[in-house]
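See below for the structure under consideration.
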Amino acid sequence: MFVTTSYDPNGAQLEQARVLAAQFGGRCLQRRQMTLAQLRERFGDEDLLIITKERLEYHHAGRQPLFFHPSTASIRVKRLLKGEHDPVLELCGISPGDRVVDCTAGLGSDALVFSYAVGAEGAVVALESAPVPGFLLTQGTKTYHSDVPGLNEAMRRIDVRTVDHLEFLRKQPDDSFDIVYFDPMFRKPITESASIRAIRGIADDRALSEEAIHEAKRVAARAVVLKEHRDSQEFERLGFTVERRPSTKIAYGVIRCS
């Protein structure tokens, strides 16, 4: 991986580039006036982490850049502010004060809505095992600014950990979270989603293990929830009862623990 900046960086950006290059075991490059194509041609690496004044961007194999953004979470929180319902929150049964662990957080869209819903009395832990998405999520939840009321506070409250979910779950006491949530990379991809195309191949794409679900059922006081393609065989394989959302390609499976 190469780490560089936008054109005309300031001193803080240059220092951040050096620090991140060391953190990821990459190489820090001076951008000068080179385009990304010129950087790749000259130095021969497809993976670039770029520090701009607005955000951190990860460019991988010619795909759309990957960066933190609340994405659909902003839309969902706006709807909640209007008094509308959120189907995922209702399915999970999430209320203020609840404890939720998102085991496959990606860039945190669901974790952000969970954090907003549980409020300051609750807790949301977001796990992402892949280093780059985990780093972008960690930095984004600390620094991103939104004009949506309550969204910044919800972001700052999320406890982001770059760790494998099974390793984390094994260490948790029984019934230590109300909800354990999984949104893994779908076995059957939804190719229309630009955000999923950007992260596929970077995030952990392993199928969930039966051991992970076993540990999740032990850790969850109320329910384990799985988001997957509506035609996925994962629900049956892992023992989930399917609840489909009409007119979408996404379905949710639930295992009730109480």
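The values are calculated or read from the model by the stated rules, or taken from the named source; none is laboratory data. Note that the structure is a prediction, hence the values are computed from the model and not measured. Backbone-built Cβ (ideal geometry, glycine too); neighbour counts: all protein chains shown.
Some notes on this structure:
- Any hit, segment 213-220, residues being assigned by TED's automatic domain parsing to the domain that holds residue 90, at pLDDT 85 or above, surrounded by 15 or more Cβ atoms within 10 Å (Cβ to Cβ) and touching a Ser or Thr at 6+ places or on another chain (Cβ under 6 Å): yes
Conditions tested, residue by residue: (1) under 23 Å from the mean Cα position of the chain (by Cα); (2) modelled with pLDDT of 95 or more; (3) among the hydrophobic types (A, V, I, L, M, F, W, C).
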{"site": "23", "(1), (2), (3)": "yes, no, no"}
{"site": "36", "(1), (2), (3)": "no, no, yes"}
{"site": "43", "(1), (2), (3)": "no, no, yes"}
{"site": "66", "(1), (2), (3)": "yes, no, yes"}
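- Some residue of segment 43-52 being over 30 Å from residue 222 (Cα atoms) and of a type in the set (Ser, Thr, Tyr): yes
- The set of residues from segment 39-75 being over 18 Å from residue 156 (Cα atoms) and of a type in the set (S, T, N, Q) comprises 52, 64.
- Candidates 133, 189, 184: the one that is in a helix (DSSP H, G or I), under 24 Å from residue 238 (Cβ atoms) and at pLDDT below 95 is 133.
Yes/no matrix, rows are residues, columns are (1) of a type in the set (Val, Ile, Thr); (2) in contact with a helix residue (DSSP H, G or I) (Cβ under 7 Å, 6 or more places away or on another chain); (3) free of Cβ contacts under 8 Å to residues at least 12 places away in the same chain:
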{"residue": "92", "(1), (2), (3)": "no, no, no"}
{"residue": "104", "(1), (2), (3)": "yes, yes, no"}
{"residue": "125", "(1), (2), (3)": "yes, no, no"}
{"residue": "143", "(1), (2), (3)": "yes, no, yes"}
{"residue": "149", "(1), (2), (3)": "no, yes, no"}
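- Top-ranked residue in segment 149-163 [being part of a loop (DSSP other than H, G, I, E, B) and buried (at least 17 other Cβ atoms within 10 Å of the Cβ); ranked as modelled with the highest pLDDT]: 158
- If you go through segment 165-174 and keep only what is in contact (Cβ under 8 Å) with a residue 24 or more places away in the chain and either surrounded by fewer than 17 Cβ atoms within 10 Å (Cβ to Cβ) or part of a strand (DSSP E or B) (or both), you end up with 170, 173, 174.
- Residues of segment 95-109 that are on the phi < 0 side of the Ramachandran plot and in contact with a strand residue (DSSP E or B) (Cβ under 6 Å, 6 or more places away or on another chain): 98, 99, 100, 101, 102, 103, 104, 105.
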